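Working notes, beginning with the structure itself.
Derivation of every value follows stated rules applied to the coordinates shown; laboratory data play no part. Predicted model, so just to flag it, every value in this text is computed and none were measured. Neighbour counts are summed over all protein chains in view; Cβ atoms, including those assigned to glycine, are modelled from backbone coordinates with ideal geometry.
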Amino acid sequence: MSDVQSSLGFAHFIAQADVVGKSLLAILLLMSLISWVLIAVKGLTQVVRKQRSEKFLGFFWNARSLDEVSAEITTHGVHEPFAHLTAHAINAQVHHAKYGAAKLAEAGSAQDFVTRTIKKVLDEETTRLENGLTWLATIGATAPFVGLFGTVWGVYHALVAIGMSGSGTLDKVAGPVGEALIMTGIGLAVAIPAVMAYNAFTRSNRVLNAKLDAFAFELLTFLAMGTPLAEAAKADNVRPLPSAKPVVA
């Protein structure tokens, strides 16, 4: 009995598998490799993007004017979504003020052109954030079925071999069938991390898109004001007081 148990297992299953079974196993291993590479790359990118975004937003909200923000972007470049959105919005306003509506894409007022530019940048950022998520969703959805197909294929060949041997005892049936179930387990092991990562990245992207939308509204307001904050505050402080009405005795 111990000799039979020692002869069974994953290594024995691979040794007895045909071309189809080994191909399915190779597909599952490739799926697992792709999903873990995507998880590592997108996870690291997400952490770096969050740190850079917090740094830029801290500078943005403490800046005295958009000219100061534009100078900072020109000096250090664009490395995250908020700076990317700000740079394109400022450039759109400067371009429209300098050249006007020379093309159909620039038709309308400056605010209309800036609004369309912001919408385009938001769409680009959404597309960039979703890169790789289709692979994770596909792997999470199909890996269990690939593993199940491998199990069905293994059970079929095991039953055929048992039928040809003429021995249908429990020890002859349970071993090969149990080995075939390994493929289902591998399929689930590949799918579960992919599904969890997909859900986590989708939620993170949804939160970031909401923050970008709110920031875009504030940015458009600042561009419409066109006044440094210090000057605006100074103008508010020197507003003339309403003249006093004469007192009637």
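Brief remarks follow.
- Ranked list, fewest to most other Cβ atoms within 10 Å of each Cβ, for Thr45, Thr86, Thr74: Thr74, Thr45, Thr86
- Ranked Ser23, Ser53, criterion: other C-beta atoms within 10 Å, fewest first: Ser23, Ser53
- Extension gain, Leu44 to Thr138: 0.36 nm times the residue separation minus the Cα-Cα distance gives 31.7 nm.
- Here His88, His79, His96 are placed in order of increasing Cβ neighbour count within 10 Å, fewest first, which gives His79, His88, His96.
- Share of pairwise Cα separations in the range 19-226, more than 28 Å, in percent: 51 percent
- The range 19-226, dipole about Cα centre (Lys/Arg Cβ +1, Asp/Glu Cβ -1), debye to the nearest 20: 120 debye
- Calculated from backbone phi, Karplus (6.51, -1.76, 1.60) coupling profile of the range 131-138 in Hz, x at Gly/Pro: 4, x, 5, 5, 5, 4, 5, 5
- The calculated FRET efficiency for Val20 paired with Lys119, based on their beta-carbon distance and R0 = 45 Å, is about 0.35.
- Pair Ile192, Phe59: separation of 7 Å Cα→Cβ label points (nm): 4.4 nm
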